[in-house]
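What follows is a single structure, and I will ask about it in a moment.
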Amino acid sequence: MVDPGTQKPFRVVTDARAGSYIKVSVNGLEGLRKLLEDNAIRHWVDHHAVSVDSGPLMTVIWLHRSTDPTQVQALLDSAA
């Protein structure tokens, strides 16, 4: 699945302290949330959105700790 705001594929990032998350443009947020909700993937959206170097507004979707980030990445890769 490609982020419409950046034209780059979504990637699940895993951090030992923070957990797993997906960076998403505000333009791609609705589509990505729908995909996660349709597949019963527990998540929440950070309430801050920032733009770096005049780029698109970006936020973060955090995945629940019990969620397997590898399975989520496979879902993202298979989504059109």
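The values are calculated or read from the model by the stated rules, or taken from the named source; none is laboratory data. What you see is a predicted model; the values in this text were computed from it and never measured. Here Cβ is always computed from backbone atoms with ideal geometry, including for glycine, and neighbour counts include all displayed protein chains. Areas reflect the complete protein model, heavy atoms only, side chains present, ligands, DNA and RNA absent. Shrake-Rupley method; radii C 1.70, N 1.55, O 1.52, S 1.80 Å.
Consider only pairs whose beta carbons are under 9 Å apart and that are at least six residues apart or on different chains; among these, list those whose first residue lies in the stretch 34-63 and is under 17 Å from V12 (Cβ atoms) and of a type outside the set (A, V, I, L, M, F, W, C) and whose second residue is open to solvent by 50 Å² or more (accessible area, probe 1.4 Å) and assigned to a strand (DSSP E or B).
Note: pairs meeting the criteria are H43/W62; D46/W62; T59/K23; T59/V50.
Also, I was wondering about something else. Of everything in the stretch 30-73 that's touching a helix residue (DSSP H, G or I) at 6+ places or on another chain (Cβ under 7 Å) and open to solvent by 60 Å² or more (accessible area, probe 1.4 Å), which residue is nearest to D3 (Cα to Cα)?
Top of the filtered list is L57.
Separate question: Given (1) touching a residue at least 60 places away in the same chain (Cβ under 8 Å); (2) over 14 Å from M1 (Cβ atoms); (3) not β-branched (V, I, T), where does L76 come up short, assuming only one miss?
Failing condition for L76: (2).
If you check every pair at least six apart or on different chains, which have Cβ atoms under 6 Å apart with a residue in the stretch 1-29 that is open to solvent by 90 Å² or more (accessible area, probe 1.4 Å) first and a residue that is assigned to a loop (DSSP other than H, G, I, E, B) second?
N27/P4; N27/G5
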